[in-house]
Structures are given as C-alpha cells and as structure tokens.
C-alpha cells in the first residue's frame, strides 16, 4: 500500500490512500497487546500517544494534517481501555476533528455513536461485527462456564464523499449474517437505523484541509469507498479498499488527463514548543526554561518572545511562529488572563482555535492563583492536574517536581523520551528500595548487603530530610536511581509502595535503561500475586534469605553485569562479584517463572523484545494459575511464544 509505515508495536501502522488528489489517512493502533490470556479485560487494556507518533513518523498531528480526512482503526472500542489509555485516546490521539471516524470491533455487535462535548467537534465511532470466527463462545466466571453465547458475524461498507472544498459526507452500509432455515443470508443491519437505500443518513464531516480537484476548482463529487469489519490488528494486517459495486455515487468532475497530479499544499511544519506567558511571571518563565533547555530533545525547539529579533515587527514575528507550534505552554496567572494582556490576542486565542481543530496541544500551568472559570482555558485540563493548585503555594521541591512533570508531558506529546538514558555508572544511586513499612527491618538488612557489595542504595529513612515534604523526594529518588527494587514480603504492597511502583513503571516505559524488578523477601507467598506490569519483568527470589546467589542475581539486574564480570559501578570490589560455587538461580530452567534475560538477548530486535515480554508474562501466569484448563491453555501459548522467539533469533 502506498505510504504504508509500521509503528512501535505489531499492528501499529499508518497509510495513505490517494484518489484523484483526495488523500485519506488510515491509522491502525494495537489495543490488544496486553490481552495475553483468557478473562475479562474490559477497562484494563492500554493505548498510548507514543504509538500514534511512532506509526506516523514521529509526529501524529503533522501526519494527519497532510490528509483531507483520516480514519482510526483499533480492535477494541474505548470501553475496553483503562482510565489512562482513555485519556491518551481522547486528549492526544483522537482530538476532536482529527479523525472522521473511529472503526473498531471485538464485541460482535454493531453500534454507531456520535458524541460532541461542549460544542466541540463531533467524535464518531463505528463498531462492526466480525467477518468470520467461532460460532459460539463460553462465558466463564470464577473458573466455571456460565453459558454458551452465540456470536454474530457480518461486515460494513462505507464511502467518504468530498462534497465541497471544506466538507464531506460519510455513508455506511452495515450488513449482518442471519441464519434462516439453516442457511446464512446477508441482511441490512437491524441494530442500526438505515432509512435511505439500506445505508445510513449522510454524516457530515469537516475536512482537515481544503480540497481542490485536480482541474483546479474546489473539489466536489470525489468518493473513496471501503469495506471494513471487526478489525483484529496484527503485524501483517492492512486495510483493503475497493469500489462499492452497489452504492452508486456522484459523477466526478471532468479533469484534464494530461494535468500532473498535485498534492494540496500543507501548512507550515509544526515542530516548535511555544512558551506563552505574562512578563509579570518572568521568574516562572526563567525557571521553566531552565528545565526545558536541559533536555537535548527540546533545546532547539523552544520558542518564546526572548527570541524576537531586533528591528522586526513583534506582531508579525509572533503570528509567524504560532502556526509552527506543536505544543503551546501557557503560564496561567491573573496577569496572563487579564483582558489587556498582549498574549491574549496574538497567542492565546489563535492557539485555542488551532487546538479546537486538533492542530496543536495546549499545556497550561497555573503558576499563580486566579479564578479558572471564565478564562479561555476553563475547559482544558491543567498540566498540574485537577484543581490546578497554584505553584506559588507549593514548597520549592514540589514546584520543581511540577515543572519536571510539565517537561515530561511536552516530551510525550512530541514523541521524545522524557528521561535520557541514565546508565548505572552515572546515576546518583544504584537502586531505589521500594518497600512496605512493615518490612523495614528486612529492607535495612538488604540495604546493608548491597552497600557491602559496593552499591549505593536509596532507602527512605536515610534520604528523607525531616521537616520537608517527602512525596517530591520519593519521586526524585526514583529518578536519581539506576534501578528500582520493589520488595515484597508477607504483607504485600503497601499503599505508598504501590504508588512508587506505578511511578517507576511509568518512567521505565520512557527510559528502558532503568530496570524495575520485584524482590521477594522472606515471608513472601509461594505464588505471589504480582501486578501484571511488574510480573512480566521477572523477579529476584530472596525468600531463603540474603544468600550469595540471590544477591548476585539482584546485582545483575541492577547493574547489568553478570557475577564475575569487571566492575561497572562506582565502589564495586576489584575483579567484580565472584559467583558462588553452585548458583541456584543464576541460570533458571527453561519455562521457569524466574527466567531472565540471557547473553543472547542482550540486544534483541523490537519484535523479539515484545515476544520475550509476552513469554515472561505467560510463564508467570502459568506459575500462579490453579485452574487446570487455564494452565493447559497457557502452556500452549508458552510453546507458541518459544517457537516464535526461536524463529526471530535465527
């Protein structure tokens, strides 16, 4: 397919269909990568804006703006996503107006939804039936079959008509397979109102850019048709488009066959991070610039009024750079939102218009207290969260943490890594020891054992200064550590330990060089119920105590150095750590839930890394599963994953 590009995960892709100068963008995103076993996954699956950017050449919004209309394809509908993923979908991927239609499936039902909130652009979602598959499925609860449910099948055909230079119509022909007298027949979908020729009423859409037919006049009468169904995305999937034989459309305007094909001119490239503020908040501006400029991915992308050139028109310079903004940062304060502020007309209002069209993202930070109601950004979630506590009411450590959090959000939006890779040789601490307060005596012993091996662990009672807020210090401790060990004993995860683990896993996604691992202490159960995102990373077993082989494995996870290799962290003993005479866990058996990376996997391909992670997860699930039928299914999936890994290793 022309313009086809693969993304970060198997099934992530983007493609372009060009028909007589009309450009349709198709984006497919994998929502099924966490659905690795049987069970109810509704509200538990993930989706991230980095998939959007990765499939579109680093900037999803820039890719979308190159088309007249775009379609979004996912296997699952949004109700299957967790809260964070829904926020990523609604706020960063499918911003209002960016996609003419979101096509999904999985539920074997047909549904057409159109939602508009607060007068914003309408979001449209069409859920289709499976084209083929099993006739029945079993509804299982508590390990028992409750009932057998019939699956329904069908397909849907659709057409996008460009009716004018700025608008178009969507039409859908949903069909369902209906069994009558033992035979399957295709009938018009009974669950959708189809008043016109067994297709939906024309659904008006706004084009992402003006369309001009190849003859030179305003575009009209162009049509792109597609057949679609419940879409299961995998590494080899791609949409197939065809002409609808039974859906006659308007006759295209005549064009000159000798005229060269033209592509509608695109607007200016949006790559800048634009910083808008009131000069009364110049101290906050200075502090934020220091945080942003320190990251190499942002150093050359920041633009604000400090870059205005002498002798040039201020108004013209600002108007020239606002359309180049990929992200607009606004420092909210009483002066910034005052009617007489110069930024209002030149920066704030034009940026809000672009935001409504989905052309840029807005991050506004409440630096000084003021009523939010009535401001232009009252309907936009603040970068410092619900309630938007003013930064000037926080202690300095919390202010710095909020500025760093804003920086990470900016980097997420432009598809960059929020935290540059921090090897163990340069991190301030080698390991952050996250633990339940009831396990403090055992964790103290572990910290002393690591220190005796030449490592510098982060332990709260040694690092939290009395009299200062401790939450920002916990976050900074995780960032300053090369690895995070989540210690688990008989009482499981503590409340704050769970928050630490979630923060560490989020940072690890952005910074793969920071390992996060579970460490089982004495008293931990034989079959620990670990959170899924932690379990897939394997664990270190210290339930038998602080023995040499277990500590060697932990140090390997922290430093990346096997026992006996040369020292790779400050203070390590000369000659490295010597392996014990009979290591029990250094080389776990194949299929063991404790298995970790091997030397052959030091630099796996992206596909191999994904299958390795899936294999580790399946092994953990098999180890803790008590249902024989489920364990049999998991073993089959493990065998399949092992074969796939072997193929990728050849």
Can you give me the distance in nm between label points at residue 471 and residue 349, each placed 7 Å from the Cα along the Cα-to-Cβ direction?
3.8
Write down the Kirkwood hydrodynamic radius of segment 1-86, to one decimal in angstroms, obtained as one divided by the mean of 1/r over all alpha carbon pairs.
13.6
Simple SL model, points at 7 angstrom along Cα→Cβ for residue 480 and residue 513; separation in nm is 1.9
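Using a 10 Å cut-off around each Cβ, can you sort 322, 486 from fewest to most neighbouring Cβ atoms? Walk me through the numbers before you get to the answer.
Details: 322 23, 486 26.
With the sparsest Cβ surroundings first, the list reads 322, 486.
Efficiency by 1/(1 + (r/R0)^6): what FRET value for residue 445 and residue 506, r their Cβ-Cβ distance, R0 = 35 Å, to the nearest 0.05? Working shown, then result.
Details: r = 29 Å, r/R0 = 0.83.
Using R0 = 35 Å, I get an efficiency of 0.75.
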What spacing in nm lies between the two simple spin-label points modelled at residue 464 and residue 90, each 7 Å away from Cα in the Cβ direction?
3.4
Of all DSSP beta bridges with both partners in segment 272-413, the antiparallel percent, nearest 5, is 0
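Based on a Kirkwood Rh over C-alpha pairs, give the Stokes-Einstein translational diffusion coefficient of segment 424-466 at 37 °C and viscosity 0.692 mPa s in µm²/s. Could you put the intermediate results ahead of the total?
Numbers: Rh = 10.9 Å.
For the chosen part, D equals 300 µm²/s.
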Which shape class applies to segment 272-413: rounded if a/c is under 1.5, otherwise prolate when a/b exceeds b/c and oblate if not, where a ≥ b ≥ c are the square roots of the Cα gyration tensor eigenvalues?
rounded
Calculate the FRET efficiency for residue 631 and residue 499 from the Cβ-Cβ distance with a Förster distance of 41 Å, rounded to the nearest 0.05.
0.80
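Round to the nearest 0.05 the FRET efficiency obtained for residue 19 and residue 282 when R0 = 56 Å and r is the Cβ-Cβ distance. Intermediate results must be reported in sequence, preceding the final value.
Values: r = 52 Å, r/R0 = 0.92.
So, using R0 = 56 Å, E works out to roughly 0.60.
Please report 389, 367, 395 as a ranked list, fewest other C-beta atoms within 10 angstrom at the top and most at the bottom.
Working: 389 15, 367 27, 395 11.
So the ranking, lowest neighbour count to highest, is 395, 389, 367.
Read the figures in this text as sums done on the coordinates, not as results from a lab. Given the structure is predicted, the values throughout are model-derived calculations rather than measurements. Here Cβ is always computed from backbone atoms with ideal geometry, including for glycine, and neighbour counts include all displayed protein chains.
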